[in-house]
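No value in this document is a laboratory result; all are computed from the given coordinates. Small disclaimer: the values here were computed from a predicted structure and weren't measured. Every residue, glycine among them, receives a Cβ derived from its backbone with ideal geometry; neighbour counts consider all protein chains shown.
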Amino acid sequence: MKNKITIHLASPRGFCAGVDRAIEIVKKSLEKFGAPVYVRHEIVHNKHVVESLGKKGAIFVEELSEIEDRSRPVIFSAHGVPKSVPKDANFKQIEYIDATCPLVSKVHKEAEQLYKYNYHILLIGHKNHPEVIGTMGQLPEGTIDLLETSEDAKNYVLKKNGKLSYITQTTLSVDDTIEIIQILKNKFPDIKEPKKDDICYATTNRQLAVKKIAKKCEMFFVIGSRNSSNSKRLVESAKKSGCLKSQLLYTTNAIPIEEILKCKNIGLSSGASAPEVLVKEFIAKIKERADIEINEVEVVKENVVFRIPNKLT
């Protein structure tokens with residue numbers, strides 16, 4: 001007799017509008033220019049997506065200097081790039097298509113406006129994440145300071161008197177960020193905040209869905225890549241909401257099936273760059289060994305769509 005397991009499935013999950021748009025840009029570029037096209041950095045943080053685009057003719061590089069055929073176009077990833085990168089592409093006479101998520105571009109524009117009005121900027125984010133590198137690279141060195149933790153905020157010392165503002169990476173933990181912002185506001189009551197929250201709608205919605213489910217689960221799984229910031233934050237949200245046995249699954253081969261079979265309720269979500277096929281594979285593997293019931297928990301309907309650049313339409 002098979003065990004009965006309820007899989008509480010978070011909705012929304014998986015691809016967001018920025019990821020959809022970035023993948024579509026690579027596909028449309030291949031249609032328009034033929035293969036190969038180059039992509040600087042992983043277009044989105046997911047091995048499955050990167051490999052499938054590689055099979056269609058996308059060549060992934062970390063830097064423009066790795067591009068062997070400069071007559072071929074290059075696409076900038078959804079995470080955004082420092083200003084120096086398009087400048088370098090122009091210098092090398094390489095045509096580029098920018099797949100930066102519009103919500104990341106919004107943060108870039110914010111940073112430029114603040115700099116223009118003589119604000120010193122604090123960026124709340126994760127060091128070495130491509131989005132943070134891109135945002136900090138919009139402005140001259142020394143005009144943005146990075147804060148990663150509440151401790152960083154507590155210990156921050158303003159180097160010179162003047163106006164202070166903050167912006168954030170788009171894929172952070174909503175709860176952690178609120179905590180850091182509160183510390184900054186207590187410390188610097190005049191700090192200027194963004195007109196609209198920088199954490200993107202998809203990150204917020206996915207965390208909300210996880211929080212709603214996690215407390216009733218014995219185990220919680222987030223399908224996503226190890227270098228995906230929003231996926232890691234979903235695991236943290238599940239743990240904070242009461243499911244301590246929460247983990248990131250970056251390959252469906254690593255499913256701890258024996259442990260799952262001891263559970264009555266498990267939770268499942270996927271990061272904003274993880275395709276739905278991986279969720280289906282996970283469910284199929286559990287189904288081989290247990291009777292399952294799917295309980296989809298939707299916290300909000302998403303209907304955001306971002307247009308692709310005109311040169312590809």
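Work out, step by step, the length gained on full extension between K109 and T313: first 0.36 nm times the residue separation, then minus their alpha carbon distance; give nm to one decimal. Don't skip to the answer; put the middle values down first.
Numbers: separation 204, 0.36 × 204 = 73.44 nm, distance 2.48 nm.
Taking 0.36 nm per residue and subtracting the Cα distance, the gain is 71.0 nm.
Nearest 5 is fine: what % of DSSP beta bridges in segment 102-199 come out antiparallel, could you say? Could the numbers behind the result be given before it?
Values: 0 of 11 bridges.
DSSP beta bridges in segment 102-199 are roughly 0 percent antiparallel.
With charges only on Cβ, +1 for K and R and -1 for D and E, what is the dipole size of the chain about its Cα centre, in debye, rounded to 20?
On the way: 49 positive and 40 negative charges, 109 e Å.
Dipole of the chain, to the nearest 20 debye: 520 debye.
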Quiz item: Using a simple spin-label model with points 7 Å from Cα along the Cα→Cβ vector, what separation in nm is obtained for E302 and E259?
Solution: 2.6 nm
Quiz item: Does segment 7-102 come out rounded, prolate or oblate, given a ≥ b ≥ c as the square roots of the eigenvalues of its C-alpha gyration tensor, rounded meaning a/c under 1.5 and, failing that, prolate meaning a/b above b/c?
Solution: prolate
Quiz prompt | Karplus-derived 3J(HN,Hα), 6.51/-1.76/1.60, for each residue of segment 283-293, Hz, glycine and proline x | solution = 4, 4, 5, 5, 4, 4, 10, 8, 7, 10, 10
Quiz item: Whose amide H sits under 5 Å from the amide H of Q138, counting only residues 5 or more places off or on another chain, with H placed in the peptide plane?
Solution: K83
Self-check item: Cα gyration tensor category, rounded, prolate or oblate, for segment 162-257 with a/c compared to 1.5
Solution: prolate
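Tell me the relative contact order for segment 75-123 as a rounded percent, counting alpha carbon contacts under 8 Å between residues six or more apart. Write out the running numbers ahead of the final one.
Working: 31 pairs, mean separation 18.7, N = 49.
It comes to 38 percent, rounded to a whole number.
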Quiz prompt | Student exercise, segment 17-98 dipole from Lys, Arg, Asp, Glu Cβ charges, in Debye to nearest 20 | solution = 180 debye
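Given the -39500 (n - 2.57) contribution per DSSP H run of 4+ residues, what per-residue ellipticity at 222 nm results for the chain, rounded to the nearest 500 deg cm²/dmol?
Values: 11 runs with 119 residues, N = 313.
Calculated at 222 nm, the ellipticity per residue is -11500 deg cm²/dmol.
Listing T168, T149, T177 from the residue with the fewest other Cβ atoms within 10 Å to the one with the most, what is the order?
On the way: T168 24, T149 14, T177 20.
Lowest count first: T149, T177, T168.
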Quiz item: Of N186, L208, I67, which is farthest on the positive side of the dipole of the chain, counting Cα position, with +1 on Lys and Arg Cβ, -1 on Asp and Glu Cβ, and the Cα centre as origin?
Solution: L208
Practice problem: Rank S269, F91, L53 by how far each Cα sits towards the positive end of the charge dipole of the chain (+1 on Lys, Arg Cβ; -1 on Asp, Glu Cβ) and give me just the farthest. | Solution: S269
